[in-house]
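Here's the structure, in structure tokens; my notes come after.
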Number of protein chains: 2
Amino acid sequence: MTLEVSPAIQDYAKAIYSLELRCDGGAVTTNALAERLGVSAASASSMVKRLDGIGLVEHVPYKGVVLTDRGMKVALEVLRHHRLLERYLAEELGVPWDRVHDEAEVLEHVLSDELEDLIAAKLGHPTIDPHGDPIPTAELEIVERATVGMDRLEIGDIGRFVRVSDSDPEMLRYLSARGIAPGDDFEVLDKQPFGGPVFARFGECPDVHPLGGRLAAAMRVEVGA
Amino acid sequence: MTLEVSPAIQDYAKAIYSLELRCDGGAVTTNALAERLGVSAASASSMVKRLDGIGLVEHVPYKGVVLTDRGMKVALEVLRHHRLLERYLAEELGVPWDRVHDEAEVLEHVLSDELEDLIAAKLGHPTIDPHGDPIPTAELEIVERATVGMDRLEIGDIGRFVRVSDSDPEMLRYLSARGIAPGDDFEVLDKQPFGGPVFARFGECPDVHPLGGRLAAAMRVEVGA
DNA sequence: ACGCAAATTTCGGCTAGGCTAAAATCCATC
DNA sequence: GATGGATTTTAGCCTAGCCGAAATTTGCGT
């Protein structure tokens, strides 16, 4: 049945998974998928039909797709590969934080189960990757923590900076250069009105950083003591 | 010009390189190439034409192919990836000796230059892989040592077991299980006539091993004190 | 020197995955 | 309830690699 899961199919499954998370509960549209993967809407449409044919997604024409259980397994397997590799590359090989995503993006498709196990063991079976994203377990269970973007915060909010999108190298370099990393506790000291930037302090460092626009939205945090 | 070197092309370049080594100096035939890569002669023929078109090989129809300088660079780049990865997998991740080849076979095509450098540095810029094969330098220079198969040896010959084909897992398991590894010094104690097996002792271990057939031919040695 | 077997190339066809352009469908607005 | 713009799907086409079958070339043995 499922004996042919090409890299392209893995990429589609992964993209559908992450888009399902965003647009909570809803079906993923062809357009969103196409944009995410950098292909034309026509290409996405025909691939979606194929994925439905092999039972990885449920496709309602003109409505969108939802992953089936089997499709979810494919997505989580690739996600586990990706995030384990990110962690491994950062920790064992010293690949810079803002580069691990691109490296993992290609390696994830050719990682054997055996190598996956060896890497996980060597890392001590980690549960989050260098961006703070959770790594699915070997049994493909994953806990997505509820987070909000820093753009939603108000003056006085405190909490923990949990994760940041791994796909924008420039953002990662920016944060990295300022010593801001997932896991840091923070405090919002000021905020400009009308969707303006928030001013926050991270970890032990007394510096106050202005965070606005796409950056603040990409920085996901858990609010509270 | 060369901006498209697909995995398939890399595999062809690598195969042509190693066949050129064997059939010393001569052009590589389409059939040999097809057999090596496990594709039909028709497929190999058409790919050879493509490779000639993009300048990686010189193809004389019905005669065979020879790598151009650019083709050689492609082959050595992939070979460096392959052997560095074998070394890395064996040393850092504990992948069994007989499995590293297959893992490296897929990873070699997706290894970025940056990762290549990091891996080489971590290993201390090694010059041979776990099978005793030389690793091309970053500048793609390689020294192929002159070796003979153990099947050519006579009683009383001594020397060093240098390398063994990396592509037969069963052979590797067999040698591994008996504690025989590249780098071992050996002594030929007996030999049966008419192409029969040689009996040899390796390293410190007093055991005498009978080695015949394809195994003896695959075991390459340097003869002499 | 000639013919035949083996090697090689050519030919037509297949799948995966992508594209553009055109047709179909959906939905918000009037 | 119609209609126009946006979205989605279909249709036709392309390239990379692979295949088997048929045509071609080579070169060995006599």
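The values are calculated or read from the model by the stated rules, or taken from the named source; none is laboratory data. Every value quoted in this text rests on a predicted model; they were computed, and no experiment measured them. Here the Cβ positions follow ideal geometry from the backbone for every residue, glycine too, while neighbour counts run over all protein chains shown.
Looking at the structure I just gave you, is residue B:48 surrounded by 14 or more Cβ atoms within 10 Å (Cβ to Cβ), within 16 Å of DNA strand C (Cβ to nearest atom) and part of a strand (DSSP E or B)? No: the conditions fail for residue B:48. Scanning region B:99-124 for residues that are away from chain A (no Cβ under 12 Å) and under 24 Å from residue B:37 (Cβ atoms) yields a total of 1.
Scanning region B:28-44 for residues that are surrounded by fewer than 16 Cβ atoms within 10 Å (Cβ to Cβ) and more than 6 Å from DNA strand D (Cβ to nearest atom), we see that the one that is farthest from residue B:60 (Cα to Cα) is B:38. The condition (being modelled with pLDDT of 95 or more and not small (Gly, Ala, Ser)) is satisfied by just one residue among B:170, B:144, B:139, B:154: B:139.
Might you check whether a residue that is more than 11 Å from DNA strand D (Cβ to nearest atom), surrounded by fewer than 18 Cβ atoms within 10 Å (Cβ to Cβ) and among the basic types (Lys, Arg) occurs anywhere in region A:53-70? The answer is yes, given that some residue of region A:53-70 is more than 11 Å from DNA strand D (Cβ to nearest atom), surrounded by fewer than 18 Cβ atoms within 10 Å (Cβ to Cβ) and among the basic types (Lys, Arg).
What about residue B:34, is it within 13 Å of DNA strand C (Cβ to nearest atom) and farther than 22 Å from residue B:168 by Cβ?
It is false that residue B:34 is within 13 Å of DNA strand C (Cβ to nearest atom) and farther than 22 Å from residue B:168 by Cβ.
Annotation for region A:53-65: at least one member residue is of a type in the set (A, V, I, L, M, F, W, C), more than 14 Å from chain B (Cβ to nearest Cβ), more than 10 Å from DNA strand C (Cβ to nearest atom) and farther than 25 Å from residue A:116 by Cβ.
When restricted to residues that are at pLDDT 95 or above and among the hydrophobic types (A, V, I, L, M, F, W, C), region A:20-39 contains 6. Given the condition within 21 Å of the chain's Cα centre (by Cα), assigned to a loop (DSSP other than H, G, I, E, B) and at pLDDT 95 or above, answer yes or no: does some residue in region A:71-92 qualify? Looking through region A:71-92, none of the residues is within 21 Å of the chain's Cα centre (by Cα), assigned to a loop (DSSP other than H, G, I, E, B) and at pLDDT 95 or above. Among the residues of region A:108-140, those that are touching a residue at least 12 places away in the same chain (Cβ under 8 Å) and of a type in the set (Asp, Glu) comprise A:108, A:116, A:117, A:129, A:133. When residue A:117 is tested against the conditions (1) modelled with pLDDT of 90 or more; (2) surrounded by 15 or more Cβ atoms within 10 Å (Cβ to Cβ), the lone failure is (2). In summary, residue A:72 fulfils each of the numbered conditions (1) closer than 18 Å to residue A:135 by Cβ; (2) within 14 Å of DNA strand C (Cβ to nearest atom); (3) away from chain B (no Cβ under 14 Å) with the single exception of condition (2).
Among the numbered conditions (1) within 14 Å of chain B (Cβ to nearest Cβ); (2) within 16 Å of DNA strand D (Cβ to nearest atom); (3) buried (at least 16 other Cβ atoms within 10 Å of the Cβ), the only one that residue A:16 does not meet is (1).
Considering (1) more than 14 Å from DNA strand C (Cβ to nearest atom); (2) acidic (Asp, Glu); (3) in a helix (DSSP H, G or I), the lone condition that residue A:105 does not fulfil carries the number (1).
A search for C-beta distances below 6 Å between a residue of region B:86-97 that is in contact (Cβ under 8 Å) with a residue 40 or more places away in the chain and any residue that is among the hydrophobic types (A, V, I, L, M, F, W, C), counting only pairs 6+ apart in sequence or on different chains, returns B:86/B:100; B:86/B:104; B:87/B:123; B:90/B:100; B:97/B:172.
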